[in-house]
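What follows draws every value from the coordinates through simple rules; no lab data is involved. Predicted, not measured: the structure shown is a model, and the values here were computed from it. Here Cβ is always computed from backbone atoms with ideal geometry, including for glycine, and neighbour counts include all displayed protein chains.
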Amino acid sequence: MTDEDSLDLADLDLDGAEVPPEENQEDQLPDGGRPPTNAKELEAVYDIPVQVSAVLGKANMQVSQLLKLGRGAVVELDRKVGEAIDIYVNNRLVARGEVVVVEEHLGVTMTEIIKVDRN
């Protein structure tokens, strides 16, 4: 939906439904609070550790095949060269990206943020 196609709440026909004032919507949040609106209000969560994983690809194999693997073995993954990798935070897919080299380490640059509907 482009900006030209967007609707204002006042443009909607609510068939006589009463829309509660915005100040009453605070009661729907935990502790009657409101969502954070700036970085200072988010400081409480800055120190919470999260697990970040970058998945290059996946492979399925039988245990017998796995036991035959040794040094120098190559496992073919389900991704092609240059294809985006998946980036997970706490086992939830949040982005896609590309592998980069940072000094002598591998890194990931995010190229796409995955938005999930929470309904």
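Go through region 75-119 and report how many residues are assigned to a loop (DSSP other than H, G, I, E, B) and exposed (fewer than 10 other Cβ atoms within 10 Å of the Cβ). Reasoning before the result, please.
We begin by selecting, within region 75-119, every residue assigned to a loop (DSSP other than H, G, I, E, B); these are 75-84, 90-91, 103-104, 114-119.
Right, trim to exposed (fewer than 10 other Cβ atoms within 10 Å of the Cβ) and you get 76, 80-82, 91, 103-104, 115-119.
Residues in region 75-119 being assigned to a loop (DSSP other than H, G, I, E, B) and exposed (fewer than 10 other Cβ atoms within 10 Å of the Cβ): 12 in total.
Go through the residues of region 58-74 one by one and say whether even a single one is more than 18 Å from I113 (Cβ to Cβ), out of contact with any strand residue (DSSP E or B) (no Cβ under 8 Å at 6 or more places or on another chain), of a type in the set (V, I, T) and surrounded by 10 or more Cβ atoms within 10 Å (Cβ to Cβ). So far as region 58-74 goes, no, none of its residues is more than 18 Å from I113 (Cβ to Cβ), out of contact with any strand residue (DSSP E or B) (no Cβ under 8 Å at 6 or more places or on another chain), of a type in the set (V, I, T) and surrounded by 10 or more Cβ atoms within 10 Å (Cβ to Cβ).
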